[in-house]
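To keep things clear, I will list the structure first and then write my remarks on it.
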Amino acid sequence: MRCSDSPGFEAALRGRLAGQRPLAVVGIGDELNPHDRLGMLAAGRVDSLGLPGVSVFLAGMMPESITAPVRRAKPAHILFLDAAVMGKPPGTLGIIDACDVHGDLLITHALPLPVVMEYLEREAKAPVTLVGIQPDLSSSGDRPTKEEEQGLGKLAELIAGWSRT
């Protein structure tokens, strides 16, 4: 797993997205759960930017529910955004391989996320990258913490920078 506190995260994300247009961004999580909402918040931020070549899908707790719309968008790459307990400081971003996804890493989903990722890779014929955002497990507030906000902002900035290249 490459995290934003390691020098390789940004380069790894840029490398995965290089030349991959159009891009589908999929927000995952429970917006009502402070520890599971970050993927949805991140996708909402990306959507609000109105980036050319980027389609945003808000999957909530059931990422399998957006597989048909994502396939219809015919993306060259699919970027899943989700809260992930990685044992890192809050707001840390990390690329998570599907083989590393297990019950205590990602908080809630109806169908196992690796199954959805594999299905979309096969059926949409596009690679899938999962970016995890470390939640602040000590917070239970209505709003993201300062550290979570920094991670959300950093992720939106990276995707916006990709769209300008």
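A short reminder: the numbers here are calculations on the coordinates, not readings from a lab. What you see is a predicted model; the values in this text were computed from it and never measured. Every residue, glycine as well, gets a Cβ built from its backbone with ideal geometry; the counts of neighbours run over all protein chains shown.
Would you pick out the residues in region 5-58 that are touching a strand residue (DSSP E or B) at 6+ places or on another chain (Cβ under 8 Å) and of a type in the set (Ser, Thr, Tyr)? The one that is touching a strand residue (DSSP E or B) at 6+ places or on another chain (Cβ under 8 Å) and of a type in the set (Ser, Thr, Tyr): Ser55. Can you tell me which residues in region 113-158 are of a type in the set (A, V, I, L, M, F, W, C), outside any loop (DSSP other than H, G, I, E, B) and either closer than 20 Å to Gly60 by Cβ or touching a strand residue (DSSP E or B) at 6+ places or on another chain (Cβ under 6 Å) (or both)? The answer is Leu113, Val115, Val116, Met117, Leu120, Val128, Leu130, Val131, Ile133, Leu152, Leu155, Ala156. What residue, among those in region 28-62 that are aliphatic (A, V, I, L, M) and closer than 15 Å to Ala160 by Cβ, is surrounded by the most Cβ atoms within 10 Å (Cβ to Cβ)? Filtering first and then ranking leaves Ala42. Could you tell me whether Val25 is touching a Phe, Trp or Tyr at 6+ places or on another chain (Cβ under 8 Å) and under 20 Å from Thr165 (Cβ atoms)? Criteria met by Val25.
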